[in-house]
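One structure is given below, encoded as structure tokens.
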Amino acid sequence: MATALELDIGDLTLAALSWGDPSGRPVLASHGWLDNAATMIELAPRLCAALDLHIVSLDLPGHGLSSHKQGPYHFVDWVADLLAAADALGWDRFSLLGHSMGAGISTLVAGTMPKRIERCVLLEGLGPMTDEPEQAASRLARSLRVEARKRDSQKRLFDSPATAAARLREAAKMAPRSAEILIERGLVELDGGWTWRADPRLRVDSRIRFSEPALSSFLTAITCPVMLVEASEGWPHATEVISARIAQIADIEVAKVEGCHHVHLDDAEQVAAKLIPFFAPLVAAPGAAR
């Protein structure tokens, strides 16, 4: 059974779900774009049942029950948000468990503050999307155009949660039960129907992206053990790009699983079987700092 939390990180309040004994080894989990903390609702209890872990899964700003930001959402700012959440929890050293966008954020966190990160699990993602340097001007121009167009747009209404769940499964292939889990925290009822809780500004293109050489500085700075979990029918990443990123991380294990992008929700047992041995040395280590 998950415990609901609220974390004050200054100008924002982050909602979260927590599993395991608070005295267990801390793991900070983060979800994919437009998902929410419930993304770990099947996986986290299995990990905590097998190991002495304390897993806290965040609603990132603008998602789920967390506060919305006042301005645009910049990918690099998620790094500060995750670290602020760890500080609010009183965690000096902790592990990371990220899915998709959360995996991209976790990659940057592990490279930015390597001394604070004990282990890092990346589910269906390794680093953020990147651009070539010469694309920077066109990227910013496109983002500003989209921001202006969406400024006064109305949120889409659904006649029922079931209709919203069906739309979610059109956007990202997943089991019906997985969609039901995500929409329970991701929908809000208004006059006339149901709509997404997520801040509409999350759908605006990034104003700027890292280049691959810039991302390399984060990858090569990671010192903790890393596990990358790749699904057989997962998100269509460029193989050569991911292979090059993997080669830059000093201590990384790649685990292959059968399933789609949300395999950790669709088949948590299969994913847990990969993660339990990865986290086991962490739990067995005596006297490590919390």
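The values are calculated or read from the model by the stated rules, or taken from the named source; none is laboratory data. Nothing here was measured: the structure is a model prediction, and the numbers come from that model. Heads up, the Cβs are rebuilt from the backbone with ideal geometry, glycines too, and the neighbour counts pull from every protein chain shown.
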Only unsatisfied item for LEU82, checking (1) in contact with a helix residue (DSSP H, G or I) (Cβ under 6 Å, 6 or more places away or on another chain); (2) of a type outside the set (Val, Ile, Thr); (3) assigned to a loop (DSSP other than H, G, I, E, B), is (3)
Identity of the residue in the range 1-36, among the hydrophobic types (A, V, I, L, M, F, W, C) and more than 11 Å from ALA85 (Cβ to Cβ), that ends up nearest to the chain's Cα centre (by Cα): TRP33
When you look at SER23, is it hydroxyl-bearing (Ser, Thr, Tyr), touching a helix residue (DSSP H, G or I) at 6+ places or on another chain (Cβ under 6 Å) and under 22 Å from ASP92 (Cα atoms), yes or no? no
Selection within the range 19-55 - surrounded by 21 or more Cβ atoms within 10 Å (Cβ to Cβ), among the aromatic types (Phe, Trp, Tyr) and not in a strand (DSSP E or B): none
Quick one: is GLY127 modelled with pLDDT of 95 or more, under 28 Å from ALA16 (Cβ atoms) and in contact with a strand residue (DSSP E or B) (Cβ under 9 Å, 6 or more places away or on another chain)? no
Requiring at least 2 residues that are in contact with a strand residue (DSSP E or B) (Cβ under 9 Å, 6 or more places away or on another chain), touching a residue at least 40 places away in the same chain (Cβ under 8 Å) and surrounded by 12 or more Cβ atoms within 10 Å (Cβ to Cβ), the helices (runs of 4 or more DSSP H) wholly within the range 131-242 are 176-186
Please find, among SER57, SER66, the residue that is under 12 Å from ALA29 (Cα atoms) and at pLDDT 95 or above. SER57
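Yes or no, residue by residue, for (1) under 17 Å from the mean Cα position of the chain (by Cα); (2) under 28 Å from GLU180 (Cα atoms):
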residue	(1), (2)
MET40	yes, yes
LEU53	no, yes
PRO61	yes, yes
GLY90	no, no
GLY102	yes, yes
